[in-house]
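To start, the structure under review is shown below, and the notes come after it.
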Amino acid sequence: MPGTRQALPAMKAVPHVSRATEDEGVPVSQRIRERLLAARQRFHANDNIADYIEPGELEALLDEVQQRMTAVLESLVIDTESDHNTQDTARRVAKMYLHEVFKGRYAKIPTVTEFPNVERLNELMIVGPVTVRSACSHHFCPILGKLWIGVMPNEHSNLIGLSKYARLAEWIMSRPQIQEEAVTQVADLLQEKMQPDGLAIVMEADHFCMQWRGVKDMDSKMINSVMRGSFLKDSTLRREFLSLLNNRK
Ligand SMILES: [Zn+2]
């Protein structure tokens, strides 16, 4: 990705990067980025990069993000030295990004035990609503909503525990996202883990970039869905899923 390489010289020009986050003058983010580029691995906002972060580097990254956030506050002309409210804001925001709201970029996939479908279940299964907390890639504004998952297993499908759906969805959602891409990522992951005959995902969410800024439309919700396999082919199954979901909303 040639576009991302161009960002490197600009980052080096930012002052105040302490020794703790650097290795021979190279910011830790740059070391991680170089590894990703060498592996030709995509690192968009909603990609997970945990495999390219070495032990101890996440702590160093936290220091680096804190320093960059301090520079942002300075550029916003906020007197963080005398304003007690914003004294620790840079650190708090850095922690919030790396350890909470964007954790799904930096943490490895949660361990999920899959077990064989010994009962040979082949009935429609619906999980939800799963709470969705995410942020939009465009503005880093919150996206809060709900997700429903419909699974049509076959005798060869793997099954996963009920609570695991939420943990996997959370791992995908706690990244800067675009709703359409987020539901596709959830569908791809569940497809890979379970190998069902059919899979359906519906997500309904409030986008705070519509409410807090922009058009300030307080009531707009975005709903989208992904249908795979038997949900795509079988309109009766699709209708059954959607009507069960509408009754429970
Ligand atoms: Zn937005």
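Only the coordinates and a few stated rules stand behind these numbers; no lab work does. Note that the structure is predicted; figures quoted are calculated from it, not measured. Note that each Cβ is placed from the backbone with ideal geometry, even for glycine, and that neighbours are counted across all protein chains shown.
Per-structure values
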item	result
Global form of the range 102-249, assessed from the alpha-carbon gyration tensor, a/c cut-off 1.5	oblate
Cβ-placed point charges (K, R +1; D, E -1), dipole of the chain about Cα centre in debye, nearest 20	480 debye
Percentage of interatomic Cα-Cα distances in the chain larger than 24 Å	56 percent
The range 114-248 - percent relative contact order, Cα under 8 Å, separation 6 or more	26 percent
Per-residue HN-Hα couplings for the range 43-59 [Karplus 6.51, -1.76, 1.60; θ = phi - 60°; Hz; x = Gly/Pro]	9, 5, 4, 9, 9, 8, 10, 3, 5, 10, 10, 8, x, x, 6, 5, 5
Protection proxy ranking of 217-227, 183-193 - average other beta-carbon atoms within 10 Å, highest first	183-193, 217-227
Sequence ranges 151-161, 54-64, ranked by mean other-Cβ count within 10 angstrom, highest first	151-161, 54-64
Neighbour-count order for 120, 175, 228, fewest beta carbons within 10 angstrom listed first	120, 228, 175
Partnerless Cys - the chain, beta-carbon criterion under 4.7 Å	136
Dipole of the chain, positive end: most advanced residue of 117, 62, 244 [Cβ charges, Cα centre]	244
Packing-based ranking, highest mean first, of 65-72, 240-247, 127-134, 81-88 given that Cβ atoms within 10 Å are counted	127-134, 65-72, 240-247, 81-88
0 to 90° range, to nearest 10: angle between helix 28-38 axis and the chain longest Cα axis	50 degrees
Residue 211-residue 247 pseudo-label distance in nm [points 7 Å out on the Cα-to-Cβ vector]	2.9 nm
